[in-house]
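The values are calculated or read from the model by the stated rules, or taken from the named source; none is laboratory data. No experiment lies behind these values; they were computed from the predicted model shown. Note that each Cβ is placed from the backbone with ideal geometry, even for glycine, and that neighbours are counted across all protein chains shown. The protein model used for the area step is the full one, side chains on, heavy atoms only, and it has no ligands, DNA or RNA in it. Shrake-Rupley method; radii C 1.70, N 1.55, O 1.52, S 1.80 Å.
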Amino acid sequence: MQSKIVFIVVRNMKGLTQVVVMADNPEFEKAKNLTLESVIKVTGEMKDAPQAPGGSEMHPKEIEVLSTAAPELPIPIVTLKGGEETEAPVRLDYRWLDLRKPEKAKIFKVWTEFEKGWRRYWDEEGFIQLYPPAFMSTPSETGADVFEVNYFDRKAYLAQSPQFYKQMGIASGFEKVFMVGPVFRAEPSFTTRHLTEFTGWDFEMAYIESHHDVMDQEEGMIVAGFERLKEKFPELDIEVPKRPFPRMTMVEAKKILKSLGVESGEEHDLSPEEERAISEYIKKEKDHEFVFVHDYHKSKSAFYHMRLADDPDRSRRADLLYRGIEVTTLAQREHRPEILEKQAKEKGMDLEPLKDYINFFRFGCPPHGGAGIGPGRFIMKILDLPNVREATYLPRDVKRLNP
């Protein structure tokens, strides 16, 4: 602001508009007393101004104050040149202010368009969308990382995935289904990739021959998502991945890691360091940012994962790595009830709570498989964000339940 002129920068989802108010304008005093982040409605005339955002500026006839912001903001919306951004925990406390920054809002514009690409693929391939419940009578995954809740006179659990209900869709004869919804994980993790609640994308498909059919289908979804981003955000320099994506077994991955001198903490799983190393290897050797690691040991597979016919110690499970992080777990499911029961017993699971689930397969169910996808991790890596919380509208973790 100068003594005889006020410059107001108005921001909305379309961008920035500069409003110039001269001292002889009846709205001058109102403009001079505006506080940062107040909400206004401006009516006026647009004029060419090469120095202004977008090459034009508004000369107002009327300024209407719709909401006056308190004079002291808890976090800055505009970071001064050379200044440091407020620490993430504080910004997340004031998430609705943090998201006013254009670069933060863009995260969710990117997510929206990325999902549109996937949805276009699901539509073209004949997938049906289903809406599963969040309450379950028994945990959907092997392990104890589950939220237990009081459900009237009994216990219930928040869904660790919609796995059982995707498979029920296949048993219902839908053949191809997808779901978008919340996933809950009671993991006491404090990493940059883990949340206690996140949005998951899930799909399931029937009449497959192996988990490679699921990989093929997911490749198509990913390519459709990247094509949409390339079309809508040319400034991001998006590279659409080439098909087929590289694939390797877990045994092959471990051999490569050993040759690279990367220590292995677990024989049958990949640590974050190993995931990064494999991704770097594939980028160097194959010039690709994706790689499927498949044929996991049964100890790292759910009881409902089908085993390999020629190696019953290994399952038809695969994880997809993207730029050094796992973004998908997929598998062919075991659809034969007697084998499901056998594998559940091997895991030490009580069959009684699984009775309804196993019944899905007693009355005819085709071979099938599917995947659970973490879109937040995709967005984190696409935009090179430091933490999946930045790609999450309102993150929930071990310490955070607000706002």
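Scan the stretch 80-128 for residues that are open to solvent by less than 60 Å² (accessible area, probe 1.4 Å) and in a loop (DSSP other than H, G, I, E, B) and the total you get is 6.
Given the residues ASP310, ASP213, which is the only one that is farther than 30 Å from LYS106 by Cα, open to solvent by less than 60 Å² (accessible area, probe 1.4 Å) and among the acidic types (Asp, Glu)?
Going through ASP310, ASP213 in turn, just one is farther than 30 Å from LYS106 by Cα, open to solvent by less than 60 Å² (accessible area, probe 1.4 Å) and among the acidic types (Asp, Glu): ASP213.
Flag set for ALA277, criterion: of a type in the set (A, V, I, L, M) and crowded, with 17+ Cβ neighbours inside 10 Å. Taking the criterion of being among the acidic types (Asp, Glu) and buried (at least 21 other Cβ atoms within 10 Å of the Cβ), the only residue of the stretch 329-346 that qualifies is GLU334. For the stretch 145-198, give me each residue that is on the phi < 0 side of the Ramachandran plot and of a type in the set (Asp, Glu). Matches in the stretch 145-198: ASP145, GLU148, ASP153, GLU187, GLU197.
Looking across the stretch 278-299, just one residue is farther than 20 Å from PRO241 by Cβ and either polar (S, T, N, Q) or out of contact with any strand residue (DSSP E or B) (no Cβ under 9 Å at 6 or more places or on another chain) (or both), and that is SER299.
If the condition is being at pLDDT below 95 and hydroxyl-bearing (Ser, Thr, Tyr), then the stretch 159-175 contributes only SER161. As a summary of the residue check, VAL293 satisfies the conditions (1) outside any helix (DSSP H, G or I); (2) closer than 22 Å to ALA391 by Cα; (3) open to solvent by less than 10 Å² (accessible area, probe 1.4 Å); (4) not basic (Lys, Arg) except for the one numbered (2). For the stretch 1-14, which residues satisfy the criterion of being open to solvent by 30 Å² or more (accessible area, probe 1.4 Å) and either over 42 Å from the mean Cα position of the chain (by Cα) or touching a residue at least 24 places away in the same chain (Cβ under 8 Å) (or both)? The answer is MET1, GLN2, SER3, LYS4, VAL9, VAL10, ARG11, MET13.
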